[in-house]
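Colleague: Pasting a structure here, questions to come.
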Amino acid sequence: MARFAQFGERWARRSRRFVAVDFDSRRVRVVSARRAGTRADILKCHSVEVPADLSVSDPAVFGPFLHKALKKLHLAGRPVLMSVPRSQAVIKPLSLPAGTPEAEVAAMVHFQVDKELPFRVEDAVVDHILGGGHYGGADGHASADGVNVLVAAVRLPTVDYYRRLTESGQFRLLRLGLRPSAAACCVRACNEAGPGAGDTNDGEHNASVAVVHVGFDEIEISVLQGGSLSFTRSVNVKSTPPLASSRPADTLPPIPLVGANVTSATAASASPEASSPPPAVSPGPSVVMAAPEIARTLQSFQALQRHGQIVTVLVAGETGIEDELVDALTARLKTTCRRLSTGALVRKGTPPDDAMAAALGLALGHASGEFEFDFLDPRRPVVVRDAKQTKLAVGVAAGFLLVAGLLAANYMFLEGKDDQLRAASESVLKLKKQDEELKKIAAQATAVENWARGRQDWLAHWAFLSDLLPDAKSVYLQNLSVTPASNVQAKLKGTKDEPVATLSFTLRARDREIITDITSLMQDAYGHTPSGIDPCDDQFGYMHQTRFSLTVPQDMIRLVPPPMSEIPYTYRPEDDGSAETFGRKGASMRNPAPAAVNPNASAPAAAPSSFREVRFDDVRRDTELLKQLSAEPAPLALMGRLVAEANPKAFVPSASSATHLTFRLEENRGQRGGRGGGSGRFVYVYVLKDSAAAKEIQRRGEYGVQRVRVEGVAYVTGEHPEACPVGLLAERIR
């Protein structure tokens, strides 16, 4: 679990988006930033007011409030950066011997700072930074006298406060820095403490910039030399009385400035309050109290430095006294005093806010890798390993591996036969599985053979249904399923041993009348038993539906198509493309008006309703229809099976073998390939070469003309045999 925690910590540190949070008893300042290479892109700055009845010192209460604030700002779940106030830390400058290796600095710091702290080093978290140029030291890491180190120590209860705040606030604490160090990073990024700050007559090296961060709980005073934090102390707003009303400034006790460890005007950082959680709500500072204390601090710092001068004093905060404090410090210090400007750090259009200096510094330091203090992951002494012990451990491990290898080889030798037995057992199981799979395949093959023996021509039935149904703009089908023929179903339907197959589907229509008409047609053709019409919620506007379960006979001739004159709706044309636009956005869903049939090259145009649909019985000898055709040819429609005829016995007028193709349209009472093949009655069909009807026959092929509808003009032939009294000059094949 520890490794998973370390992995999560590393992943969070590499996160591109993060949040910097700085707070006191009155305000919570939030900066949302994004890592962009080695710089931070500041996205948003927010300030949230803390309710007066909310105790910031209680992490169980303040954590949920902070979580709620981040969630409201849409920042929950991002890693968080925080900083420890100056009053909660003890800061000591140390000077190590010259030439100290950087790898040994942490160990020497822990050794020496144990003598300087007012508490045990085991009860605190200690971190350090190199350089700083404090108290006349060099600006680099080392000087002629030694290596300059600035050490910061925070007691464990303070760090535990932020850990408990993290748990109750349900966020990941990424770094825990020091607020004055973060403010110094912000000042450097604003180019307020760069080389230009030292361009004075006294020399660039000795020039300094002072940063005064005014808060509701304390005032933090820091001095930067060459951009590095050189001095910092805090003034406790709650415990320090106004100087003007207490006693004269010249009678105040001297301010202890041994190092940078003073936390207030009356209490050093060694006091017990230095390790307590952030203070509760305070009345806030005043100019009368703050200005003399800040001036005395900066004057004392310059006196101890003995040379150099503070060229600029930058004031930051949001307590409301900052502008008055700038005027008061200008009058007291006789130097440049102004508000800190953070406009260069935020996005264009975002108003600058110097109260965000600490939060901005946290974000900038984390992105650039210049994060100085981190009390969650401080710099620790490097563990020096004993080479002899390492060699001894390696030798012991090698011996252990050798013994383990010998034991493993012996085990493998003894278990060889058992492995062979297991392999044989696995082979037997594999063969059993193969046998089961072969049995399944055999069962499937048997099922396919049984289905094939049913000799059901589903495509022909589907073509028959397509002729009965209107276009897709009026109806459409759902849940189409077929059940092959079986004797069991035949017995259930009372048809003895004749196999029975069923064709089931759900039909949805725009109008109830269409379903009623189709039900009547299905009842005549298939003997369908009508079922109820139910309303439905259809996205295409088909609000009525019913279920059809048709008993499909094997012999297609048993299906009796209704005459064209009895079909109540528009007959579906041959080139019907309504299904291609069905359900598409913008497509017309209305039933089209009856369209004229496209004419063939061999006949003039005629509407589908002008063809009279007849049967073979209607054109046999001695029928009224045959007598009418003898007097005048008439447009008729016949259904049957087309068979090519090479040598017809008779031709109708205007037809010859040079201009037409001749077919026999047989009365088909059997299936393709079945016994019987038909009743023997037929008529001659003459199709003009290169016409649309001839191309349609060629396109369908032999199987596609097993059940067709031929429309054309019928004549009584001059020489008509008994089985063929009529010839049909085809106009269209359906």
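The values are calculated or read from the model by the stated rules, or taken from the named source; none is laboratory data. These numbers come from a predicted model, not from an experiment. Every residue, glycine as well, gets a Cβ built from its backbone with ideal geometry; the counts of neighbours run over all protein chains shown.
Colleague: Out of everything in segment 628-640 that is farther than 16 Å from residue 693 by Cβ and surrounded by 17 or more Cβ atoms within 10 Å (Cβ to Cβ), what residue ends up being modelled with the lowest pLDDT?
Modeller: Quick first cut of segment 628-640, residues farther than 16 Å from residue 693 by Cβ only: 628-634.
Those left that are additionally surrounded by 17 or more Cβ atoms within 10 Å (Cβ to Cβ): 629, 633.
Numbers: 629: 85, 633: 88.
Among those that are farther than 16 Å from residue 693 by Cβ and surrounded by 17 or more Cβ atoms within 10 Å (Cβ to Cβ), it is 629.
Colleague: Quick one: which of 312, 232 is in contact with a Lys or Arg (Cβ under 7 Å, 6 or more places away or on another chain), closer than 22 Å to residue 330 by Cα and modelled with pLDDT of 85 or more?
Modeller: 232
Colleague: A further question follows. Considering only residues of segment 145-183 that are among the basic types (Lys, Arg) and assigned to a strand (DSSP E or B), which is modelled with the highest pLDDT?
Modeller: The selected residue is 155.
Colleague: Spot the failing condition for residue 376; the list is (1) at pLDDT 85 or above; (2) crowded, with 20+ Cβ neighbours inside 10 Å, and only one is missed.
Modeller: So residue 376 meets the others, but not (2).
Colleague: Say whether the condition of being among the hydrophobic types (A, V, I, L, M, F, W, C), surrounded by 14 or more Cβ atoms within 10 Å (Cβ to Cβ) and over 35 Å from the mean Cα position of the chain (by Cα) is met by at least one residue in segment 338-347.
Modeller: Yes: one or more hits.
Colleague: Between a first residue in segment 86-106 that is outside any strand (DSSP E or B) and a second residue that is acidic (Asp, Glu), which pairs have beta carbons less than 6 Å apart while being 6 or more apart in sequence or on different chains?
Modeller: Listed by first residue and then by second, the contacts come to 86/220; 87/218.
Colleague: Also, I was wondering about something else. Restricting attention to segment 24-44, which residues are touching a strand residue (DSSP E or B) at 6+ places or on another chain (Cβ under 7 Å), buried (at least 21 other Cβ atoms within 10 Å of the Cβ) and under 27 Å from residue 236 (Cβ atoms)?
Modeller: 29, 30, 31 - these are the residues of segment 24-44 that are touching a strand residue (DSSP E or B) at 6+ places or on another chain (Cβ under 7 Å), buried (at least 21 other Cβ atoms within 10 Å of the Cβ) and under 27 Å from residue 236 (Cβ atoms).
Colleague: Scan segment 446-485 for residues that are among the β-branched types (Val, Ile, Thr), modelled with pLDDT of 80 or more and exposed (fewer than 12 other Cβ atoms within 10 Å of the Cβ) and jot them down.
Modeller: 446
Colleague: Residues being surrounded by 10 or more Cβ atoms within 10 Å (Cβ to Cβ) and more than 51 Å from the chain's Cα centre (by Cα): count how many of those fall in segment 384-401.
Modeller: The qualifying residues number 5.
Colleague: Name every residue in segment 650-707 that is surrounded by 15 or more Cβ atoms within 10 Å (Cβ to Cβ), modelled with pLDDT of 80 or more and polar (S, T, N, Q), in order of residue number.
Modeller: Of everything in segment 650-707, those that are surrounded by 15 or more Cβ atoms within 10 Å (Cβ to Cβ), modelled with pLDDT of 80 or more and polar (S, T, N, Q) turn out to be 662, 691, 706.
Colleague: Examine segment 61-76 for a residue that is in the same structural domain as residue 236 (by TED's automatic domain parsing), among the charged types (D, E, K, R) and modelled with pLDDT of 85 or more, and state whether such a residue exists.
Modeller: No; the residues of segment 61-76 include none that is in the same structural domain as residue 236 (by TED's automatic domain parsing), among the charged types (D, E, K, R) and modelled with pLDDT of 85 or more.
Colleague: Just give me the residues in segment 323-368 being in contact with a strand residue (DSSP E or B) (Cβ under 7 Å, 6 or more places away or on another chain), not in a helix (DSSP H, G or I) and not aliphatic (A, V, I, L, M), in sequence order.
Modeller: 335, 336, 337, 338, 339, 347, 350, 353 - these are the residues of segment 323-368 that are in contact with a strand residue (DSSP E or B) (Cβ under 7 Å, 6 or more places away or on another chain), not in a helix (DSSP H, G or I) and not aliphatic (A, V, I, L, M).
Colleague: Restricted to segment 90-109, and to residues that are at pLDDT below 85 and under 49 Å from the mean Cα position of the chain (by Cα), which residue is surrounded by the most Cβ atoms within 10 Å (Cβ to Cβ)?
Modeller: Per the stated criteria, the residue is 105.
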